[in-house]
Structures are given as C-alpha cells and as structure tokens.
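The values are calculated or read from the model by the stated rules, or taken from the named source; none is laboratory data. Please read all numbers here as calculations on a predicted model, not as lab measurements. Neighbour counts run over all protein chains shown; Cβ positions are idealised from the backbone, glycine included. Keep in mind that these areas ignore ligands, DNA and RNA; they rest on the heavy atoms of the full protein, side chains included. Shrake-Rupley method; radii C 1.70, N 1.55, O 1.52, S 1.80 Å.
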Amino acid sequence: MIPSSLPVIVATAVLTLLAAVVLAWGYWRGFFRDFDAQARVIFEPEDLRLERPWETPVDRLEREMRHGKLVAPAPGEWGGAA
Amino acid sequence: MTAPPTGAPSSDAAALGQENVRAVAAARGLAPEDLDIRLRADASSYTVVLVLFAIAIGWLLIGSIFGDIASLKLHWPDFLTRQSWLTFGRVRTAHLHAVNYGWATAALIGTSLWLTPRLVHNELKSPVAALIGGALFTLGIAVGIIGVLLGFSDGMEWLEANRYTAGPLLVIGGGLVGLSLFRTVAARRAAHLYVSVWYILGAFIWFPMLYVTGKWPTWTGVESAAVNWFFAHNVLGFWLTAMSVGAAYYFIPKVLGRPIYSYQLSVVGFWSLAMFYSLNGMHHLVGGPLPTWMITTSIVASVFMFIPVVATGINLHMTVVGRFGALRYSPTLRFVVLGAIAYTAVSLQGSFTALREVNRVTHFTHWTVAHSHVGGYAFVTFVAFGAMYYIVPRLVGHEWPSARLVRWHFNTVLAGIAIYVVSLTWAGVAQGLALLDARLPFQISVERSLPGLYGRSLGGLILTVGHFIFAWHFWRMVRMPTGAQPGARPPFHEAQPILYTDEAEAGRPQTFRAAAHSDQIARAPAAHDGNVRPAQGTS
Amino acid sequence: MTRISLIALGAFAVMASAICLLVLVPQALLRDVVAPPQLQPYTEQQLAGRQVYIQNGCVYCHSQQIRDPAFTTDVDRGWGGRATVPGDYVYDKPHLLGTMRTGPDLINVGQRLPDAEWQLIHLYDPRSVVDWSLMPGFPFLFEEKAPNTVQPADRVVRIPGPRAPRGVVVVAKPEAIALVDYLVSLKRQYPVTHPTSGGTRTAFGGRNATH
C-alpha cells in the first residue's frame, strides 16, 4: 500500500511538511484565535434582532435578552415571497 | 419615471459598482462611505451578480434540455439519430458542460461575488473586470459546447472543450473574475475572514491549477487517464463543492440567526478537505491499468474524506438542529439545508463506492451517474437555488412575486431528483450485478437497467419543468413589480435598490428594509418614480 | 504575511503536493513504460478512425480496459485473455479507458468481431444485427445513395433484415471506414511478462511501479 518509490515518499513528506509548517505558523501568529468573533462576522446587528416566525417564545425571549428589542423582518426576508 | 436623482448616472448606463453606490448614497443624502456597508456591498455587486444569475439560468434550461434528449436516447436509441450534432456521445457532453461549467459555475460565481463584499465589509472591487470575465467565461463554454456538437473534442471527459479556441476565453474570463475577488478580499475591512471566504479564495486558486494540469497537451497513455480523473474529480471538490460549502456556511447561520455550531470544526473541515480530496481522483480507475499504489492511495484518501465530510456535516446539521421548523418559512433554508444533507450523503456514498469490494459491482454502471447527480444536483444545484432565492430580493429591492411559484419549483425539483436518483441507482446496481456474473450474457445487464433508465427520464423531465418554473419566476422577479407596490417599476438594469426606512427619522442607523406596512408605502410615494429617496419627512 | 497569503499559500501547497504525488511522480515512473514488441503503432487511417471515435463520444458508453481476473469477471466474460497493462496504451493519446459499460468493453473487439462488414452494418444501424442493443445508429457516417449513383469505388454496405432502408444504397463514408479500421485493430492479447524484482523495462513500466 505504501509506495516503495523513494521519490514518492520524499516528495510527499516535503510537501506535507510545508503545508503543516504554514498552518503551524498561522496558529502561532494567532489566526486561529477568537473563533466566536470569527463565527459572528456574518451578522449585522439587525440580523440577530429579527423576529423569526419559527422560534418558540422561549427562543424569542432569549434572543431579546441577548440582542435587544426584536424587529419585524421585511417581507421575503428568508428568501421567499411574502 | 426614469429621471435619475442628481449625481446619478443616466439610466441607460447600467450603473455598475461605484456608480451604483454613489447613486444610492446620493439619493439618501449621504456620502458613499457613510452608507450602510450592507447596502454598499449589495449595490457594488448588483449588476454582475444579476447578469451572472441570468446567464446561469439560461444554461440551466439549455443543459436540462440536452440532458433530457440524452436520457431519452438511452432507452429509445432511434430517437434523433439522423443528425450528427444530436448523437448521444455529443449531446451527453454538451449536457455535462452546460450544467457544470454553465449553470453551476455561473450561479456559484455570482453567489461568491455577492457574498465576498458582504463578508469583507467592503464593496466589490473591479466589478467591470468581473462582469467582462463572466461574459468571456460564458463565451468560452459556449464555444466549447458548440465545438463538441460539431465534432471537435479534446477527448477527455470533463475536458472536451477545445484548448485553443475555448481555452483562452476560459482562462482570461476566470482570471478576471478571480482578480476582482482577490482585490475585494485584499481591501477587506472586516476584522476576520469568515470561512466562506477561504472556500471562495481556495476555489479560485485551485481551479486554474487543475485546469492547466488537465489541459497540458503532452499527456499520453495511462498517465493521461490519471490526469483526466485527477482533474475531473477535483473540479467537483475544489471548484463546485468549495463554493457551495462556502455558501452553505453563510446562508444557514445567517437565516437562522445563530452562529455556526463550531468554528473550529470549519477550520478542520476546510484543510482536511483540501488535503484528502485532492488525492481521490484515481478511484475512478479502480482495477484499471495504473500502478496499484496510485489507486490504493485514492481509495485510502476517499475513506479519509470521512473527516472533512463529518466535520462539515456536524457543523451544518447541528446549527439547524432544533430549528427545522424554519424550513417551512424559508425557501433558502429549504434548499441549502437539503443541499448540505445531500453533500454529506453523496460524500459518504463516494467513500463507500471507492472500496474495492463495492467498486466491483458499481464500476462502469449507471450507479456512478446517479451518484454524480446527487452531488451535482441535490447538493450543488440546491445550494445555488437557495442562494439565489436569498440574494435576488436584496438586489432588486423587493421579495419574490409568487409564493406559489416558489413552492412549485421546490416540490418539482425535489420530486424530480428523488425519482432520478432512486431509478438510476437501482438501474446501476442491477446492471452491475449482471455484469459481474460471467454466465449472464451482456444483454441481461442492458435489459435489467432499462426500467431504471425510463425512471431517470421521468425524473429528468420533471426537473426540467421545475427549471422552467424557476426561470419564469426569475424573469417576473426582475421585470415586474410585486403586488404590494402600485405602479410600474423600471426594469432591473435601471432600478436602484429601493429602500424605505423610518429609522432615519429617529436618527438611528439606516438598514435595508422593504416596506413592512402599507402606511410606509403611503408615506413614500416619490420612491415609485424610479428615484431612490428617503421616506417623506426625513432629511 | 497577511491571512489571505496564508490561505493562498496553504491552498496552493496542498494542491501542488497532490499534483506532485498523483501526476508528476507517476509521469516520471511511467516514462519507463515501453510498448510491447507485438503492439504496432496506429496507422494514419486508424488514427483518423480513433478521432471519429472521440468526436462521437463512443467512450461514454464503451470502456477499453480489462481488469485483473482475480478481482472481477472481465476475462471470464470473454472480453480479453488477460488484464490490460500500461504498455498496452502507449500509443493512445488521449486515453480512451472509459468509465461506462452501457455497451461492451472494446479493447479486444478486433479479436471478437474482426469482420469489417459486420462492423459497418452495426455502426449504421446496431439493431439490424443486435436487436436488444441500445446503441444509437450513426447514419451520418454513411451516405444513402440512389442505386444508380453508386460508384464502383464506393464501399457499399448491405444492411440485412426488415430495418434496411428501402430504395437507397448505403455507402460508407471515409470516416466510417476509418472508424472500423480502428476498431478492428483493437487487440491486446499478446502476452506480457510480469517484471522480476530485479526490474526490467517492461510493459508494466519502471522497476517498482506496480506490485
């Protein structure tokens, strides 16, 4: 299963090492920190305050407490027709 | 009706990028840099995204028709045999190119061009380059397909488009789009680069590398087979899948209003996809005349694909879990979530199919074609549909005109792909088992696959109906007003995004909102004459 | 180095390593593949026929490879006497290995069905000789001439059975003749020896390319 050819092994090892070095360097430089903030980059403040019709009252309360007063969505906000 | 506000371009200039942004800002009495970033991003990508979506839908219809013709020929072999340009071997290739390089590519590039400005919190840079690039790429695909129909093929599956006529158009076109994207990301204002941007950037680095490798003119013999399937499989993973997964990572949390389940998993998912997917391609040649170690490497990599697929699957699924009710309210979620599920399914199916024991039965059969449609349709196309349902309203400034057409579209394509996949998989297994038994004449494998082939034609025709429904709806969307707004509206290439706001009155930051109540419409009649103005009573 | 460079470099490196491993390294190893002495290069007409095969997408229904008899039943089915090896494809540019068997494998069809007349009839209308066939006909590779316009040099094809066209004579165009010439040349039955561990240049390619 493992190729018996030396060039194959060396080439694979070198390039895998290069990829690993790049990733390690990125980690050391702090690119992989603060994941919560990274995950929230997609949201405008508005998004998190929109009333979502599928949410239970408990969900809504939780959302209101966390993000502030809920706002009605525009018609077709979720990608459909009104 | 068509007199533009002061400072905006004339209405026939098809305002692009910066001009569009300036127009929107001027209409609201703001400097462009003070305009809400979301509006600036959308305004800058407006023209190129809508044009690419229109092109994509055109290819979807063309590709569907080619696909139907090819499918009918397989069980009615005397259908349309007189003309050389309609022979199965050419029509099948035309279908593949039209749906993958035409529809899926244009739809996903359009989605990426809309997503990237939004994610980097800046406008799309070089939108004219992106538009020209999209047009050149489309022309290249058309040249390739027409060439194939006329009998000019470079001979390798997925790479048939002539390298001297179509090739330069594809390379320059793709390069211009890539330029626009990279410049946009380089000009980012967001503090972080969201995972979707990595997928999009990755796609635009990987595809050129794959294409150059695949089209290099010196390959011969079995090495050309290795290169062929290196390209063809990786174009799925590193081009179509990359942009589709990137889109799913955005739309699912965005609509749900919850961040993705585990951002760490998305890092794992991205890099392990890159590492393992690239080694998969030889699994199309299991048992073939290639060094065993290459094929074994591919089988091992195919099984290792579990890691990125499970990581992405967990991420997308766990974000939705507990909120599946949202699918009832959001066509975007309906399509994208089902697409994400299909992604997990097709990848696990792929890992399974690569194992030698399974491959013995499925290789060379219709199973593979069915599998490719789970990926290319139930995953990629569904994600593209979901993205378009979300994006287009934000560009033209009003919701889709007809809930019924949305529902019909969704129901038809869901039924169509289900019938397609089930019939063809069944045909493939029956065919494969018959082929494996040397006592059975070849004829048996053909006869046993026939019922499934009829089923596939039925599924395909239903899909085509769904596509025409969607195309019709898109046409209505960009040309006509919604019921809520009286009076005629200018066609989309002249329209500015029309936004009403009552928050400007209270001095709070303005946001994209269509009129939620009829009294808001009554208060802003001036907005209907094609100009963009704030609601009456605001500055 | 910004984060974009990180992503770009990482993405590039991963793909470059894959290209090295699965494209460049095999190419280096397969450079040692030599054509078996019994395999002749394609003649010009056969190459022209091969182009017709490519142009009309025959590869999308027909494969051209025999798999190991220990693995599966290609040999038992009578499609070849042995598994095909890299050396069998040295003159194939590009390959036509295929991934579908809607129709039978063709790598040894020149052995199974060497009769050019049968091949021409079958190309014109497969169902006139194989009634369960799903293969499309290729009438555009032929001319249907009025009987009194047939030239002595024309390659007339006599279509048998009730499906034969009435009132015309079917004459093969050069493309059809070339295609059949190519098909009939497809034979890979000569023996190839497995390389010894000492390694010789063989049809398998290189010293340790296969095991």
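In segment B:189-201, is there at least one residue being facing chain C (nearest Cβ under 8 Å), farther than 25 Å from B:LEU176 by Cα and open to solvent by less than 10 Å² (accessible area, probe 1.4 Å)?
No, that holds for no residue.
All but one of (1) at the interface with chain B (Cβ under 7 Å from one of its Cβ atoms); (2) assigned to a helix (DSSP H, G or I); (3) under 29 Å from C:ALA176 (Cα atoms) hold for C:GLY49; which doesn't?
Checking C:GLY49 against (1) at the interface with chain B (Cβ under 7 Å from one of its Cβ atoms); (2) assigned to a helix (DSSP H, G or I); (3) under 29 Å from C:ALA176 (Cα atoms), the one that fails is (1).
Looking at this structure, is B:PHE352 aromatic (Phe, Trp, Tyr), away from chain A (no Cβ under 14 Å) and surrounded by 24 or more Cβ atoms within 10 Å (Cβ to Cβ)?
Spelling it out, it is not the case that B:PHE352 is aromatic (Phe, Trp, Tyr), away from chain A (no Cβ under 14 Å) and surrounded by 24 or more Cβ atoms within 10 Å (Cβ to Cβ).
From the list B:PHE379, B:PHE324, pick out the single residue that is within 13 Å of another protein chain (Cβ to nearest Cβ) and either closer than 30 Å to B:ARG404 by Cβ or part of a helix (DSSP H, G or I) (or both).
None of the other options fit; the residue is B:PHE324.
Report yes if A:LEU15 is open to solvent by less than 40 Å² (accessible area, probe 1.4 Å), over 23 Å from the mean Cα position of the chain (by Cα), more than 7 Å from chain B (Cβ to nearest Cβ) and modelled with pLDDT under 85, otherwise no.
Criteria met by A:LEU15.
Go through (1) within 12 Å of the chain's Cα centre (by Cα); (2) more than 7 Å from chain B (Cβ to nearest Cβ) one by one and return the number of the condition C:HIS95 breaks.
Of the numbered conditions (1) within 12 Å of the chain's Cα centre (by Cα); (2) more than 7 Å from chain B (Cβ to nearest Cβ), the odd one out for C:HIS95 is (2).
In segment A:21-70, how many residues are out of contact with any Leu (no Cβ under 6 Å at 6 or more places or on another chain), within 10 Å of chain B (Cβ to nearest Cβ) and closer than 30 Å to B:SER402 by Cα?
14
Can you name the number of the only condition in (1) of a type in the set (Ser, Thr, Tyr); (2) surrounded by 24 or more Cβ atoms within 10 Å (Cβ to Cβ); (3) farther than 30 Å from C:LYS93 by Cα that B:THR105 fails?
All conditions pass for B:THR105, except number (3).
Might you let me know whether segment B:405-412 holds any residue that is open to solvent by 40 Å² or more (accessible area, probe 1.4 Å), away from chain A (no Cβ under 14 Å), assigned to a helix (DSSP H, G or I) and out of contact with any Ser or Thr (no Cβ under 6 Å at 6 or more places or on another chain)?
no
Kindly indicate whether C:VAL34 is closer than 29 Å to B:ARG356 by Cα, open to solvent by less than 10 Å² (accessible area, probe 1.4 Å) and of a type in the set (Val, Ile, Thr).
The answer is no for C:VAL34.
Limited to segment B:210-224, what total is found for residues that are assigned to a helix (DSSP H, G or I) and surrounded by fewer than 19 Cβ atoms within 10 Å (Cβ to Cβ)?
Final tally of qualifying residues: 1.
Out of C:GLY167, C:GLY137, C:GLY78, C:GLY87, report the one residue that is of a type outside the set (Val, Ile, Thr), at positive phi and either within 11 Å of another protein chain (Cβ to nearest Cβ) or under 18 Å from the mean Cα position of the chain (by Cα) (or both).
The match here is C:GLY78.
Which of the residues belonging to segment B:187-223 are free of Cβ contacts under 8 Å to residues at least 24 places away in the same chain and closer than 21 Å to B:ALA41 by Cα?
Within segment B:187-223, B:ALA191, B:HIS192, B:LEU201 qualify.
Which one of the conditions (1) modelled with pLDDT of 95 or more; (2) over 19 Å from B:PHE379 (Cα atoms) does B:GLY483 fail to meet, given that it meets all the rest?
The one condition B:GLY483 does not meet is (1).
Looking at this structure, is B:ILE146 closer than 17 Å to C:VAL14 by Cα and either open to solvent by less than 10 Å² (accessible area, probe 1.4 Å) or modelled with pLDDT of 95 or more (or both)?
Here the answer is no, as B:ILE146 does not meet what is asked.
Might you let me know whether segment C:59-71 holds any residue that is within 8 Å of another protein chain (Cβ to nearest Cβ), touching a strand residue (DSSP E or B) at 6+ places or on another chain (Cβ under 6 Å) and hydrophobic (A, V, I, L, M, F, W, C)?
There is at least one residue in segment C:59-71 that is within 8 Å of another protein chain (Cβ to nearest Cβ), touching a strand residue (DSSP E or B) at 6+ places or on another chain (Cβ under 6 Å) and hydrophobic (A, V, I, L, M, F, W, C).
For segment B:279-286, does any single residue satisfy the condition of being within 26 Å of B:ILE314 (Cα to Cα), open to solvent by 10 Å² or more (accessible area, probe 1.4 Å) and away from chain C (no Cβ under 12 Å)?
no
Looking at (1) under 24 Å from B:LEU113 (Cα atoms); (2) open to solvent by 10 Å² or more (accessible area, probe 1.4 Å), find the lone condition where B:HIS371 falls short.
Condition (1) is where B:HIS371 drops out.
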